[in-house]
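Heads up, the thing below is written out as structure tokens.
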Amino acid sequence: MTAYETLLIEEPAPGVRRVTLDRPPVNAVNRVMIRELTEAFGAVADDRDVRAVVLAAAGSRAFCGGIDLKEPPPDPAERTPSELLNPGLAWRTAQHAVRHCPVPVICAIEGAAIGAGFGLIAMCDVLIASTRAAFGLTEINVGLLGGASKALHMVGPYKARSMMFTGELLDAAEMHRLGVVEKVVEPGLAGDEAVRTAASLAGKSPIAMRLLKESILRIEGDAIEQNYRTEWDYTNRLGQFADSREARAAYLEKRAPSWTWT
């Protein structure tokens with residue numbers, strides 16, 4: 001089995017593959033993780049032994065704290081023409097790999113899933129969360145945009161607006177009330193419950209399950225993915241302003257931002 005730098009791959013039950021984000025302290029998404037998620041989920045397509053996948057995260061502080069804001073930008077000379085002309089392509093490809101994984105993906109959420117972490121769990125089929133899980137789109141606080149396509153799909157237009165405008169977090173109980181989280185469990189038990197759920201699904205007809213997953217995706221269509229491209233376009237527009245860089249600097253320096261309209 002392939003060894004990864006930012007992921008742990010295990011087989012916790014027959015027919016179940018567990019993919020664990022393992023990049024302490026908060027499993028922030030960097031370029032290596034993006035590439036490895038694409039590879040790990042893409043590998044499931046032609047593996048008959050994998051009948052369900054669990055997506056989990058190491059540690060209890062955060063499921064995923066979002067994009068790694070401290071990672072230096074890539075050297076333009078080292079980027080492919082596709083990456084230069086289509087910003088965000090790699091991350092969208094990784095999310096596509098998770099969403100289009102041909103078997104059910106059960107997500108175990110123990111800590112905060114914010115920003116890119118929220119987007120990642122939105123690509124999964126069933127969410128199991130512990131009572132210490134939290135969910136939010138905090139991009140507005142760090143000079144970024146994004147998340148509307150996922151939030152609109154998951155929580156509806158008005159709650160999505162509230163989440164994005166305020167950057168405030170929702171707890172597991174509220175996400176369960178909204179019908180997003182399937183089950184809420186005590187701290188430390190989300191992973192075990194996700195494996196049990198995945199093992200139950202793995203016992204069903206693998207042909208039927210794969211065709212069912214594909215049919216669901218075709219019926220849903222690709223609006224989420226197309227709309228996410230629009231989000232990237234607006235994030236790039238925002239990034240041209242000094243205020244965007246000021247928001248990110250203020251966040252990292254733990255101070256109040258100073259807006260200049262520039």
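When the chain is fully extended, how far beyond the present Cα-Cα distance does PHE241 get from LYS183, taking 0.36 nm per residue of separation? Value of the extension gain: 16.7 nm.
Size descriptors for the chain: radius of gyration and Dmax over Cα atoms are 18.1, 59 Å.
For ALA52, nonlocal amide neighbours, meaning residues 5 or more places apart or on other chains whose placed amide H falls under 5 Å from its own, are ARG17. Take the Cβ-Cβ distance between ASN30 and THR262 as r, set R0 to 45 Å, and report the resulting FRET efficiency rounded to the nearest 0.05. It comes to 0.95. The packing ranking of peptides 41-47, 100-106, 23-29, 217-223, highest mean first, is 100-106, 23-29, 41-47, 217-223, where packing means the average number of other beta carbon atoms within 10 angstrom of each residue.
Evaluate E = 1/(1 + (r/R0)^6) for ALA3 and THR93, where r is the Cβ-Cβ distance and R0 equals 30 Å; express this FRET efficiency to the nearest 0.05. With a Förster radius of 30 Å, E is 0.90. Helices in the chain, meaning DSSP H runs of at least 4 residues, each add -39500 (n - 2.57). Divided by all residues, the mean residue ellipticity at 222 nm is -13000 deg cm²/dmol. Remark on region 135-222: Rg and Dmax equal 16.3, 46 Å (Cα only). Give the residues of region 214-248 whose amide nitrogen is closer than 20 Å to a point set 7 Å from the Cα of LEU84 in the direction of its Cβ. Within reach of a label on LEU84, which here means backbone N under 20 Å from a point 7 Å along Cα→Cβ, region 214-248 contributes 233, 236-237, 240.
Over region 51-188, the reciprocal of the mean inverse Cα-Cα separation, the Kirkwood hydrodynamic radius, stands at 15.7 Å. Restricting attention to the chain, the count of lysine pairs at 8 or more positions apart or across chains with alpha carbons under 23 Å apart stands at 8. The residues neighbouring ARG61, those whose beta-carbon lies less than 11 Å from its own, together hold a net charge of 0 under the Lys/Arg +1, Asp/Glu -1 convention.
Taking the average, over residues, of other Cβ atoms within 10 Å as the packing measure, peptides 143-156, 244-257 rank 143-156, 244-257 from highest down.
Read the figures in this text as sums done on the coordinates, not as results from a lab. All values derive from a computational prediction rather than experimental measurement. Methodologically, a virtual Cβ is constructed for each residue, glycine included, from the backbone with ideal geometry; neighbour enumeration extends over all protein chains shown.
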